[in-house]
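**Q** Sharing a structure with you now.
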Amino acid sequence: SKPLYKWRRVLLKVSGEALAGDHAQNIDPKVTMSIAREVASVTRLGIEVAIVVGGGNIFRGSSWAGCSGLDRSSADYIGMLATVMNAIFLQATMESIGIPTRVQTAFRMSEVAEPYIRRRAIRHLEKGRVVIFAAGTGNPFFTTDTAAALRCAEINAEVVLKATNVDGVYNDDPRLNPNAVLLDTLSYQDVTTKDLSVMDLTAITMCQENNIPVVVFNLSKPGNISKAILGERVGTLIGG
Ligand code: UDP
């Protein structure tokens, strides 16, 4: 289909759950390889791709906080470290098929990855490298969706492409309601008022305030990542 948008620089958000696929382990190498292949096909066309990875496949701070004295901040730091594991896995996969990729972490782990330096990230993108942002925002109590909105605004990317395990946003929970309808477009307002659990409020508010459109789409359908990056109609578009 004909692209609706011509993105020049995109921020792809890959949740931890999406990385898990249907693999018994935390990460499905088939999923990371398909992400790598699809990203490769668009970077060849000159589109700049930055990625924020989640960590929910390994550790989610909010579900562990309170367990045997684990405070929320400590739990969240573990969660952020989980995103670094995913980032390194994804980087290694991308480089195995020849895509130059840099990981930048929100807090220093300089033996493992570069620290986040905005101008340096932009320079990498301009040189055609993929940049993976890991460790979320670097702060407990936030999510990697918020990190995606934040990094998108910082590096002047034009859109957040949120890759998930569902086709997009429905008007009701499709697992519970067989008549739930997949929505083509949504306003930011719809997301914040209708409790559609697309993104947390911090993340969606950040997108709204900076006029960043968000596309929610299913990464497990072959071709969807490249379609989303190429600006073709896929999933649900949030904006306006
Ligand atoms: N996290 C955090 N601050 C951030 C981003 C993430 O504390 O800026 C922690 C938080 O504990 C979260 C975990 O890292 O549960 C994994 O991130 P997230 O749940 O956003 O991953 P996803 O849902 O995308 O897999």
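**Q** Got a sec? Which of T193, T185, T164, T205 is of a type in the set (S, T, Y) and in contact (Cβ under 8 Å) with a residue 60 or more places away in the chain?
**A** Working: T193 fails: in contact (Cβ under 8 Å) with a residue 60 or more places away in the chain; T185 fails: in contact (Cβ under 8 Å) with a residue 60 or more places away in the chain; T205 fails: in contact (Cβ under 8 Å) with a residue 60 or more places away in the chain.
Of the residues listed, the single one that is of a type in the set (S, T, Y) and in contact (Cβ under 8 Å) with a residue 60 or more places away in the chain is T164.
**Q** Moving on. Of the numbered conditions (1) at positive phi; (2) away from the ligand (no atom under 16 Å from the Cβ), D190 fails exactly one; give the number of that condition.
**A** For D190, the exception is condition (1).
**Q** Just give me the residues in the stretch 3-35 being under 16 Å from L161 (Cα atoms), in a helix (DSSP H, G or I) and within 13 Å of the ligand (Cβ to nearest atom), in sequence order.
**A** G16, E17, A18, L19
**Q** Identify the residue in the stretch 43-73 that is in a helix (DSSP H, G or I) and touching a residue at least 24 places away in the same chain (Cβ under 8 Å) and, among all such residues, is surrounded by the most Cβ atoms within 10 Å (Cβ to Cβ).
**A** Quick first cut of the stretch 43-73, residues in a helix (DSSP H, G or I) only: 43, 61-64, 67-69, 72-73.
Then keep just the ones that are touching a residue at least 24 places away in the same chain (Cβ under 8 Å); that gives 43, 61, 72-73.
On the way: T43: 20, G61: 25, R72: 14, S73: 13.
Checked the stretch 43-73; the qualifying residue surrounded by the most Cβ atoms within 10 Å (Cβ to Cβ) is G61.
**Q** Which members of the stretch 190-220 meet the condition of being more than 19 Å from G54 (Cα to Cα) and among the charged types (D, E, K, R)?
**A** D190, K194, D195, E209, listed by residue number.
**Q** Does the stretch 62-71 contain at least one residue that is aliphatic (A, V, I, L, M), out of contact with any helix residue (DSSP H, G or I) (no Cβ under 9 Å at 6 or more places or on another chain) and within 14 Å of the ligand (Cβ to nearest atom)? Let's see the steps before the verdict.
**A** Taking the stretch 62-71 as the starting set, the residues that turn out to be aliphatic (A, V, I, L, M) are 65, 70.
Those still in the list that are out of contact with any helix residue (DSSP H, G or I) (no Cβ under 9 Å at 6 or more places or on another chain) too: none.
No, the conditions are met nowhere in the stretch 62-71.
**Q** For R102, state whether it is among the basic types (K, R) and not in a loop (DSSP other than H, G, I, E, B). Outline the logic, then answer.
**A** Numbers: among the basic types (K, R): yes; not in a loop (DSSP other than H, G, I, E, B): yes.
Here the answer is yes, as R102 does meet what is asked.
**Q** For the stretch 4-56: of the residues being touching a strand residue (DSSP E or B) at 6+ places or on another chain (Cβ under 8 Å) and among the acidic types (D, E), which is nearest to T144 (Cα to Cα)?
**A** Of the stretch 4-56, the ones touching a strand residue (DSSP E or B) at 6+ places or on another chain (Cβ under 8 Å) are 5, 7-19, 35, 39, 42-43, 47-54.
Filter once more, keeping what is among the acidic types (D, E): 17, 48.
On the way: E17: 12, E48: 20 Å.
Restricting to residues being touching a strand residue (DSSP E or B) at 6+ places or on another chain (Cβ under 8 Å) and among the acidic types (D, E), the top hit is E17.
**Q** Something else: Looking at the structure I just gave you, is E17 under 15 Å from the mean Cα position of the chain (by Cα), modelled with pLDDT of 95 or more and acidic (D, E)?
**A** Details: under 15 Å from the mean Cα position of the chain (by Cα): yes; modelled with pLDDT of 95 or more: no; acidic (D, E): yes.
Taking the combined requirement at face value, the residue does not satisfy it.
**Q** Say we look at the stretch 96-143 and pick out the residues that are of a type in the set (D, E) and exposed (fewer than 13 other Cβ atoms within 10 Å of the Cβ); which of these is nearest to D76 (Cα to Cα)? Break it down stepwise before answering.
**A** Residues of the stretch 96-143 of a type in the set (D, E): 111, 114, 126.
Subsequent filtering for residues that are exposed (fewer than 13 other Cβ atoms within 10 Å of the Cβ) retains 111, 126.
Values: E111: 22, E126: 32 Å.
Among those that are of a type in the set (D, E) and exposed (fewer than 13 other Cβ atoms within 10 Å of the Cβ), it is E111.
**Q** When you check E38 against the structure, is it part of a helix (DSSP H, G or I), of a type in the set (D, E, K, R), in contact (Cβ under 8 Å) with a residue 40 or more places away in the chain and within 13 Å of the ligand (Cβ to nearest atom), yes or no? If you could, list the steps in order and put the result at the bottom.
**A** Working: part of a helix (DSSP H, G or I): yes; of a type in the set (D, E, K, R): yes; in contact (Cβ under 8 Å) with a residue 40 or more places away in the chain: yes; within 13 Å of the ligand (Cβ to nearest atom): no.
When the stated conditions are applied, E38 does not pass them.
**Q** Pairs needed: first member in the stretch 134-149, at positive phi; second member anywhere, more than 6 Å from the ligand (Cβ to nearest atom) and not acidic (D, E); C-beta distance under 7 Å; at least 6 residues apart or different chains.
**A** From the stretch 134-149, the pairs are A135/V84; A135/T105; A135/A106; A135/F107; G136/A106; G138/A106; G138/F107; F141/R72.
**Q** Could I ask something else about it? Here are the criteria: (1) within 30 Å of M33 (Cα to Cα); (2) of a type outside the set (D, E); (3) surrounded by 13 or more Cβ atoms within 10 Å (Cβ to Cβ). Tell me which single one T202 does not satisfy.
**A** Unmet for T202, out of (1) within 30 Å of M33 (Cα to Cα); (2) of a type outside the set (D, E); (3) surrounded by 13 or more Cβ atoms within 10 Å (Cβ to Cβ): (1).
**Q** Could you list all residues from the stretch 97-112 that are hydroxyl-bearing (S, T, Y) and closer than 16 Å to N86 by Cα?
**A** Hits for the stretch 97-112 are T101, T105.
The values are calculated or read from the model by the stated rules, or taken from the named source; none is laboratory data. Bear in mind the structure is a predicted one, so any value in this text is a computation, not a measurement. Methodologically, a virtual Cβ is constructed for each residue, glycine included, from the backbone with ideal geometry; neighbour enumeration extends over all protein chains shown.
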